[in-house]
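One structure is given here, and the rest of the page talks about it.
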Amino acid sequence: MLHGMTSEPEQQWGVGIQDAFQRLWTPHRMAYIQGENKPTGPGADDGCPFCSIPAKSDEDGLVVRRGEQVYAVLNLYPYNGGHLMVVPYRHVADYTDLTEPETAELGALTKQAMTALRTASGAHGFNIGMNQGTVAGAGIAAHLHQHIVPRWGGDTNFMPVVGHTRVLPQLLADTRKMLAEAWPTV
């Protein structure tokens with residue numbers, strides 16, 4: 001056992017039912033839960049973060065790569081280390097509303113992101129997809145974005161399942177730098 005840990009229930013006044021669990025507090029997640037930085041409406045001028053990110057420096061916006069039609073950015077609330085999103089510059093909600101050049105570049109940057117993630121972090125696989133609409137799980141439904149989540153054998157453990165907590169081994173700024181340096185030249 002680790003120092004200071006016991007398998008016996010510990011008296012925890014005021015925190016509900018006593019149990020033997022230790023608590024890992026992640027107060028930074030409250031911003032996401034409460035919808036901080038979430039748009040106030042469907043328009044581009046309604047606080048859309050995907051519309052404001054391109055005006056920031058790559059470092060401040062966590063932008064990994066900029067294309068002509070779309071850009072790749074780290075997810076501020078990642079499912080896994082290296083979780084990227086490919087986002088059109090144009091404020092558009094539905095995949096069917098993309099132009100042909102936007103669709104083509106979205107696909108090209110997705111392929112490049114996979115290559116960069118394999119090079120930089122040895123990703124074994126990927127979850128890639130879009131949530132179209134709030135009912136489908138889109139956190140920001142008004143601005144289309146495609147998720148690219150790297151996966152590794154054994155990357156799931158008890159923390160997300162039991163503890164509802166993700167353990168990320170690297171700061172987002174360091175991940176952004178690592179992926180930008182590993183991005184393939186085309």
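Read-outs throughout are calculated quantities, based only on the coordinates presented, and are distinct from any laboratory measurement. Bear in mind the structure is a predicted one, so any value in this text is a computation, not a measurement. Note that we place each Cβ from the backbone using ideal geometry, even for glycine, and neighbour counts take in every protein chain shown.
With Cα atoms defining each centre, the range 47-65 and the range 92-127 are spaced 17 Å apart in the structure. Under 5 Å from the amide H of R65 lie the amide H atoms of A72, each residue being 5 or more positions distant or on a separate chain, with H modelled from the backbone and absent for Pro and chain starts. Applying 1/(1 + (r/R0)^6) with R0 = 25 Å to the Cβ-Cβ distance of T96 and R66, what FRET efficiency is obtained, to the nearest 0.05? Once rounded, the FRET efficiency stands at 0.55.
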